[in-house]
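Worksheet for the structure shown next.
The values are calculated or read from the model by the stated rules, or taken from the named source; none is laboratory data. Predicted, not measured: the structure shown is a model, and the values here were computed from it. No Cβ is skipped: glycine too gets one built from the backbone with ideal geometry, and neighbour counts run over all protein chains shown. For the accessible areas, the whole protein counts, side chains as well, though only heavy atoms, and no ligand, DNA or RNA atoms are used. Shrake-Rupley method; radii C 1.70, N 1.55, O 1.52, S 1.80 Å.
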Number of protein chains: 2
Amino acid sequence: MSENVTAQEGVLRELRVLIASGQLEPGQQVVQDSLAASLGVSRVPLREALKVLEGEGQVTYHPHRGYFVADLSVEDLVEVYRIRSLLEDEAIRVGVPLLTDEDIEYLDDILNDVEAAAKSQDVSAVTAANRRFHFALFEASNMPRLVRLIKNQWDATDAYRGVYFAAPANLAHMNQEHRTMVAALKARDVEKSIALQAAHRENSVSVVSQVIKKP
Amino acid sequence: MSENVTAQEGVLRELRVLIASGQLEPGQQVVQDSLAASLGVSRVPLREALKVLEGEGQVTYHPHRGYFVADLSVEDLVEVYRIRSLLEDEAIRVGVPLLTDEDIEYLDDILNDVEAAAKSQDVSAVTAANRRFHFALFEASNMPRLVRLIKNQWDATDAYRGVYFAAPANLAHMNQEHRTMVAALKARDVEKSIALQAAHRENSVSVVSQVIKKP
DNA sequence: CATATGAAGATTGTATCCAATCTTGTTGGG
DNA sequence: CCCAACAAGATTGGATACAATCTTCATATG
């Protein structure tokens, strides 16, 4: 397992989980004292981790009032996905022509993981493997800054995801699209790859916007 | 003047200046103790400001070794500008059709500032006003997250800029392009606006890459 | 001579403490 | 009854102190 070199690194990881899992609810204030205590650290590394999350848009910050878990409006959501489109399309456009045969084999391996996780109904494993799949593709672009920005956009909506993968029908559909995408990659068909990735995003948007509109 | 609500806010602003002006040189380690002392604060707000800059790619961080002023390679530079293209093109595409006549008047006013600053040879005033001009345009998109990402990309190369504006010939050329751009905006000519903005970036790239290649 | 060892100094990482600010609830006046 | 003023509590902002880690350089060892 990846060990933590610093406390703040571990805190950051735990915070991401707390936010993505909804244990820290959107809109809720992050009370530093109690949260730091519950994580077993002091407020200093917690605050530094929160600054990172602020930069990613996962939390908002108001001086002298503190940090609040980001509460996306539907407009925010639309903007995030629009930005994702721009960035992901570019990553794919650059990356697909650079894919080696080994890369594609590796992508196939990950898809096996995704389907295995799907079979055993392990939603969080599906989420993780799905993410690995898409980012392995994005990283083929050799544009680390671009990949980081895409990561930020994914994180920004993580708190609202997870619903999609809970429905078996969605999972089946996703697996099918994944396989189709790998076929397109093998053929180095950039436009088809982009189109399939876009279809994925559309699904996400519709599911997440349902979740947001609720309250 | 904009007063600082918190110290870290002021520290952040000062750090940006130190980096953009080259007083903190690329590659150089940021020694927290001495820098905090010279800024008149303790290390805590300084560290939080550095975390923000890390998120923007202005400094890099190595656990237990500290922060270092980002030292862009030419590849990094190319990537930053490629990302800028994606994001700025979108902002313009969305924003230009939304521009009101008052917005365009305002842009004209800013251009007067730019030219006034140019006439008085005030490089930093030119830089600031030029930035105001372009971001006023970007903000017309009503996409705050997108604008923030663009801002980050600009900041990432700030340390290397300023050379361009030092040459009077460049200034004259820039002013001319600005005026042409406003004309395109008045005509709501999206494609021409994008093209002019792209020309601006090309100039930046060539100048900044000269500076980077030097050592 | 090259390399391993280790100790001293420098620097970062975190905990704790206090000050500054905000929030909440209460009280008084209109 | 409504609203302003104010005090008490809660929470954040920042300074200091100490622990953990890294770097450097001298020394020993093969």
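Conditions tested, residue by residue: (1) modelled with pLDDT of 90 or more; (2) out of contact with any Gly (no Cβ under 7 Å at 6 or more places or on another chain); (3) of a type in the set (S, T, N, Q).
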residue	(1), (2), (3)
A:Asp108	yes, yes, no
A:Leu137	yes, no, no
A:Ala169	no, yes, no
A:Gln176	yes, yes, yes
A:Val208	no, yes, no
A:Ile212	no, yes, no
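Looking across the range B:73-86, just one residue is open to solvent by 10 Å² or more (accessible area, probe 1.4 Å), closer than 13 Å to B:Pro26 by Cβ and within 11 Å of chain A (Cβ to nearest Cβ), and that is B:Asp76.
Here A:Gln29, A:Gln23, A:Gln8 are screened, and the one residue that is of a type in the set (S, T, N, Q), in contact with an Asp or Glu (Cβ under 8 Å, 6 or more places away or on another chain) and open to solvent by 10 Å² or more (accessible area, probe 1.4 Å) is A:Gln8. Entry remark, the range A:36-67: residues being more than 9 Å from every other protein chain (Cβ to nearest Cβ) and more than 9 Å from DNA strand D (Cβ to nearest atom) number 11 in total.
Looking at the structure I just gave you, is B:Gly22 within 24 Å of B:Val208 (Cα to Cα), modelled with pLDDT under 95, out of contact with any strand residue (DSSP E or B) (no Cβ under 6 Å at 6 or more places or on another chain) and within 14 Å of chain A (Cβ to nearest Cβ)? When the stated conditions are applied, B:Gly22 does not pass them. For the range A:132-146, taking the residues that are open to solvent by 20 Å² or more (accessible area, probe 1.4 Å) and under 15 Å from A:Val96 (Cα atoms), the one that is nearest to the other protein chains (Cβ to nearest Cβ) is identified as A:Asn142. Taking residues in the range B:95-123 that are free of Cβ contacts under 8 Å to residues at least 60 places away in the same chain, and partners anywhere that are among the charged types (D, E, K, R), the pairs with Cβ atoms closer than 8 Å and at least 6 places apart or on different chains are B:Gly95/B:Glu139; B:Ile110/B:Arg132; B:Asp113/B:Arg132. Quick check on my filter: what residues within the range A:147-173 are within 14 Å of another protein chain (Cβ to nearest Cβ) and among the hydrophobic types (A, V, I, L, M, F, W, C)? Residues satisfying the conditions are A:Val147, A:Leu149, A:Ile150, A:Trp154, A:Ala156. Is it the case, given these coordinates, that B:Ala129 is crowded, with 18+ Cβ neighbours inside 10 Å and in the same structural domain as B:Tyr164 (by TED's automatic domain parsing)? Yes; evaluated as a whole, the condition is true for this residue. The range B:1-114 holds helices (runs of 4 or more DSSP H) entirely within its bounds, and those carrying 3 or more residues that are within 16 Å of DNA strand C (Cβ to nearest atom) map to B:7-20, B:32-39, B:43-56. Scanning the range A:162-215 for residues being in contact with a Ser or Thr (Cβ under 7 Å, 6 or more places away or on another chain) and not small (Gly, Ala, Ser) gives a total of 7. Please verify whether A:Arg179 is open to solvent by 30 Å² or more (accessible area, probe 1.4 Å) and not in a helix (DSSP H, G or I), treating the condition exactly as stated. No.
Scanning the range B:142-169 for residues being hydrophobic (A, V, I, L, M, F, W, C), over 22 Å from B:Val69 (Cβ atoms) and part of a helix (DSSP H, G or I) gives a total of 3. Here B:Glu54 meets the list (1) charged (D, E, K, R); (2) in contact with a strand residue (DSSP E or B) (Cβ under 8 Å, 6 or more places away or on another chain); (3) at pLDDT below 95 almost entirely, failing just condition (3). Residues of the range B:11-20 that are open to solvent by 70 Å² or more (accessible area, probe 1.4 Å) and within 14 Å of DNA strand D (Cβ to nearest atom): B:Arg13, B:Glu14.
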